[in-house]
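This report refers to the structure that appears directly beneath it.
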Amino acid sequence: MLRRFQALMRRRLSVSQRFALLGFFCILAITVLVCAAAGAVLRAQLIKHDGAVIGDLASRLYTSIVPADFFAASSATSPVGAGRLWEFARSEQVVRFRVYDADGRVLWSDDASLADRHFGENAEVAAALRGETIAKIREPGADGAPSTLRGFPRLQEVYTPVRYQP
């Protein structure tokens, strides 16, 4: 079989055979590019949709168990309803849970060392404060993630606004 293949390779291809072979490789390349592009678009849309569903559910649950006064607490006192947030944070699907105030300061976190901190400009938090839900996939090992998150191959971050009034 190997000899037949080698003999075939030594033989010169006709113009129509070259054209057919070139056409095959062009179609193969176009198919691979279209599939890669469609896969990237589909992945982005699935992440966006999943984030919207998670954000909407979290916002509804949050507003049903945590009073609106939670956001009015001063930084020196524990916000009213803070204990109820552990219901979110203890879920096995939740790795890190933070609540930001309107200034972008961490009002509550399941990691007490993060509470009352401001991490500078955060585009995702700013978008959530404008009313948008942002979802993205993050690979903690690839960037400067906290050491507690590095054990995960990838995480989905969801930033969602909390509204108590329509």
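Here is how the numbers come out for the structure above:
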{"read-out": "Residue identified as of a type in the set (Gly, Ala, Ser), assigned to a helix (DSSP H, G or I), at pLDDT 90 or above and open to solvent by 60 Å² or more (accessible area, probe 1.4 Å) among Ala44, Ala36", "value": "Ala36"}
{"read-out": "Test: residue in the stretch 74-82 that is modelled with pLDDT of 75 or more and assigned to a helix (DSSP H, G or I)", "value": "no"}
{"read-out": "Matching residues in the stretch 107-126 - criterion: being among the aliphatic types (A, V, I, L, M) and assigned to a helix (DSSP H, G or I)", "value": "Ala112, Leu114, Ala123, Val125, Ala126"}
{"read-out": "Set Val158, Val162: member being under 18 Å from Ser109 (Cα atoms), at pLDDT 80 or above and under 13 Å from the mean Cα position of the chain (by Cα)", "value": "Val158"}
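The values are calculated or read from the model by the stated rules, or taken from the named source; none is laboratory data. Treat the numbers as computed from the prediction; the structure is a model and nothing was measured. Surface areas here come from the heavy atoms of the whole protein model, side chains and all, with no ligands, DNA or RNA. Shrake-Rupley method; radii C 1.70, N 1.55, O 1.52, S 1.80 Å.
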